[in-house]
Each structure stands twice: as C-alpha cells, then as structure tokens.
1. Can you give me the distance in nm between label points at residue 99 and residue 54, each placed 7 Å from the Cα along the Cα-to-Cβ direction?
2. Assuming 0.36 nm per residue, please report the length gained on full extension of the stretch residue 78 to residue 33 beyond their Cα-Cα distance.
3. Can you quote the Å³ per residue value for the convex hull of the Cα atoms in the range 57-122, rounded to an integer?
4. On a full-extension model of 0.36 nm per residue, what is the gain between residue 126 and residue 47, subtracting their alpha-carbon distance, rounded to one decimal in nm?
5. Can you check what the Kirkwood hydrodynamic radius comes to for the range 1-123, Cα pairs only, in Å to one decimal?
6. Once Lys and Arg get +1 and Asp and Glu get -1 on their Cβ, which of 50, 23, 74 lies farthest toward the positive end of the dipole of the range 1-119?
7. What net charge do the residues around residue 58 carry, taking every other residue with its C-beta under 15 Å from that of residue 58, with Lys and Arg at +1 and Asp and Glu at -1?
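Derivation of every value follows stated rules applied to the coordinates shown; laboratory data play no part. All figures in this text were calculated on a predicted structure; none of them were measured in a lab. So basically every Cβ, Gly included, is an ideal-geometry build from the backbone, and we count neighbours across all protein chains shown.
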Amino acid sequence: MAEPFEQRSPSWAAAVLAAAAVALVPWTVALTVILPSRHLADHWDLAWTGFDVVLACSLLATAAAAARSRRAVQPLAAASAALLFCDAWFDVLTASSGIDLEVAILLAVLAEIPLALVCLLLASGRAGPSRQGQDRLGVGRFRIL
C-alpha cells in the first residue's frame, strides 16, 4: 500500500486549483485598480489578535509534532511557514512609517522569515535524526543544529 504522501491526487483537484489560480490573475489586477491605498477597518485589533492566536497554535502544533517525530510535522510546518510569511508581509505593508515600520522590518528579517525557513525545512522532510542519533536541522553539509 502506498504511503499517504505518495498517493496521487485526483485530476479534478488539480484542474480546480489551476482554474482558481488563473481566475485570481484578473481579480488581482482589478483589486490593484479598484482598492484605495488607505482604508480604515473596524475590528483591526481583533483581526491581528486572531491571526496571532492562529499562528501561535500552528507553531505549537508543529513543535509538538516535531518533538514526537510525527508524520504530521510536515503539513503542520508547511502551514506554519505560510502563516509566518503572511505575518511578515502584512506587518511590513500595514505598518505606519517611522519606528513601527522599522520594528516590523526587524521582526520580519530577524524572526518571522528565519522561522518560516526552519518550518519549510521541516516540511521538506530534510530535518531529522543524523547517523550519530543526534537531531540535525539543515541541508547538505550546512547544519543549524
């Protein structure tokens, strides 16, 4: 029996996802033209707080799966990486100028993006026990841990 990650997805799923990607192109162009550069949003605090709660839960689930060497670590790490990249993107683009923007850039460069890269490494399956039985995290000869 094939492993779950080795099973082929149904062809209709690929077609639906490809169609959605193509449909997003004109939609994105339209939004670029239609949307204002500035917008006041109600519940801004709740939106960001909720996102950070989801991100924290995702990172905690990824950490738990990694600590137990569970197969679930790969999809959880991929989700965590995506959330971290989104967090960095929106933090930087929605920050006001000055110190807020500087802090957002520093957090993106020093925390969110490096952590996202670690998650991508876990998601790729390239992080695991070394021959000596010690944990390793890296690619090729480069090792983080």
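1. 3.0 nm
2. Net length gain for the segment: 13.0 nm.
3. Each residue corresponds to 67 Å³ of Cα convex hull volume.
4. Stretched fully, the residue 126-residue 47 segment lengthens by 25.0 nm.
5. 17.2 Å
6. Toward the positive end, the furthest listed residue is 74.
7. Charge balance in the 15 Å sphere: -2.
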